[in-house]
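> Quick one: the structure is below, and I'll ask about it shortly.
The values are calculated or read from the model by the stated rules, or taken from the named source; none is laboratory data. Everything numeric in this text was worked out from a predicted model, so none of it was measured. Methodologically, a virtual Cβ is constructed for each residue, glycine included, from the backbone with ideal geometry; neighbour enumeration extends over all protein chains shown. Note: areas computed on protein heavy atoms with side chains; ligands, DNA, RNA excluded. Shrake-Rupley method; radii C 1.70, N 1.55, O 1.52, S 1.80 Å.
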Amino acid sequence: MKVIVWLLAFFAFHPVFSQIFQDEVTANFAYQVKQIDEFIERFNNKENTLIKQYVKKKDTTAQFKREQMIKGLFNASDTSWKKAEILQFIGQVSNTEDPVYLNFFDANWYAEVNCAASYKGKPSTITLVLKIQREKNGMSKWIVVSAIADFLRLPIRKDTTTGLNPLSHATDFMNIDLLTTDKKNIRNYLPNHYQDEVLSVFLYEAQHNQLAIKQVNKITYHFLQIDGWIFTVNRFSRQTRNSGWLFSRLLPVTIDAKQKYAHEKLNLPDEMCQFQTSYR
């Protein structure tokens, strides 16, 4: 460790190596995708991105092909990528006759925010799923559309045979108390298609001071708006040019698979699983 510190000090203060060191730090910063907004800009190959400004200062003749810009957004340290899928994806979105772009106001992309929390005085975790909502006055904001935590859900039924007997009406529903006493099997007293009202529970617990968000642990962005694909973006913090907000997963999917992903992974309600073509 002492050797590493000594070397860093040497590079930092030696005139020649100091300049090389500073140039490398500057280059890493320029190439780093610092915000999700910058990821979208590079994906769309916008003109005035920071990376283009940096490169043009070095080489005024530099050309920026969209295919290369998108390829540079993949996490290069992951060896599990399927090259054929990446090429197919890039070919689809960068097709000059029908290109596909991302828009910050697209309907079907989400921020999955894993948070440290306190529930009834005990440390816990909760995942909130957010999306952008545009207001009538032209303003926009992030809103919570789903919450994921074990304590927000009804327990999985322990005994599928319990419930209100079909002849309960003959005894004037005298066993109706099972709704509040048979807590482990509460789902047996609800419709088969019942979905947990997690947001309602989340709001109730928060308003009654039973639930408090402490800090954000991790953020994953899920992009579902491109036909035939789902991809995620995560932050990779490291001192390299391939760093910042990068592709972390790419999945070729059908509409049915995309809907299932939205339900199971993001816990979205049915009305939020209507997928449209991406912004062009």
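> To the nearest 0.05, how large is the calculated FRET efficiency for Arg241 and Tyr204 if R₀ is 41 Å and r is the Cβ-Cβ distance?
Working: r = 47 Å, r/R0 = 1.15.
Efficiency computed from Cβ-Cβ geometry: 0.30.
> Separate question: Starting from the 7 Å offset along Cα-to-Cβ, what nm value, one decimal, do you get for the label separation of Lys46 and Phe173?
Placing both labels 7 Å along Cα→Cβ, they lie 5.7 nm apart.
> Ok, one more. Would the range 200-280 count as rounded, prolate or oblate if I go by the C-alpha gyration tensor, calling it rounded below 1.5 in a/c and otherwise prolate when a/b exceeds b/c, oblate otherwise?
On the way: a/c = 2.92, a/b = 1.16, b/c = 2.51.
Oblate is the answer for the range 200-280, as a/c is 1.5 or above yet b/c matches or exceeds a/b.
> Can you flag which of Lys83/Lys258; Lys52/Lys136; Lys71/Lys141; Lys136/Lys260; Lys52/Lys258; Lys34/Lys71 are past 24 Å Cα-Cα? Don't jump to the answer; show the numbers that get you there.
Values: Lys83/Lys258 22 Å; Lys52/Lys136 35 Å; Lys71/Lys141 30 Å; Lys136/Lys260 31 Å; Lys52/Lys258 34 Å; Lys34/Lys71 17 Å.
Violating the 24 Å Cα-Cα cut-off are Lys52/Lys136; Lys71/Lys141; Lys136/Lys260; Lys52/Lys258.
> Fully extended, how many nm does the chain gain between Phe104 and Phe64 (0.36 nm per residue separation, minus their Cα-Cα distance)?
That pair, Phe104 and Phe64, stretches by 12.2 nm at full extension.
> For the range 25-121, state which trypsin sites (Lys or Arg not before Pro) are in a DSSP loop and have at most 11 other beta carbons lying within 10 Å of their beta carbon.
Answer in residue order: Lys65, Lys82, Lys120.
> Between Thr254 and Glu135, what is the FRET efficiency for a Förster distance of 45 Å, r being their Cβ-Cβ separation, to the nearest 0.05? Before the final figure, lay out each step's value.
On the way: r = 34 Å, r/R0 = 0.75.
For R0 = 45 Å, the calculated efficiency reads 0.85.
> Can you put Phe104, Phe173, Phe43 in order of accessible area, largest first, using a 1.4 Å probe?
Of Phe104, Phe173, Phe43, the descending order of accessible area is Phe173, Phe104, Phe43.
> On the accessible surface of the range 147-215, probed at 1.4 Å, how many percent belong to carbon and sulfur atoms?
56
> Moving to a separate point now. Would you please give the FRET efficiency between Ile186 and Lys34, computed as 1/(1 + (r/R0)^6) with r the Cβ-Cβ distance and R0 = 51 Å, to the nearest 0.05?
Efficiency at R0 = 51 Å is approximately 0.60.
> For the chain, what does the accessible surface come to per residue with a 1.4 Å probe? Please give it in Å². Could the numbers behind the result be given before it?
Numbers: 17760 Å² over 280 residues.
Ligands and nucleic acids excluded, the figure is 63 Å² per residue.
> Can you give me the distance in nm between label points at Leu87 and Lys56, each placed 7 Å from the Cα along the Cα-to-Cβ direction?
In this crude label model, Leu87 to Lys56 measures out at 3.2 nm.
> Further question: Can you give me the angle between helix 83-93 and the longest principal axis of the chain, using Cα atoms only, in degrees from 0 to 90, rounded to the nearest 10?
90
> Next question. Report, ordered by chain and residue number, the lysines lying within cross-link reach of Lys56, taken as a straight Cα distance under 16 Å and ignoring same-chain residues fewer than 8 apart.
Lys46, Lys65
> Name the long-range amide H neighbours of Leu211: under 5 Å, sequence gap of 5 or more, or other chain; modelled H, no Pro or chain starts.
Lys120, Ala206
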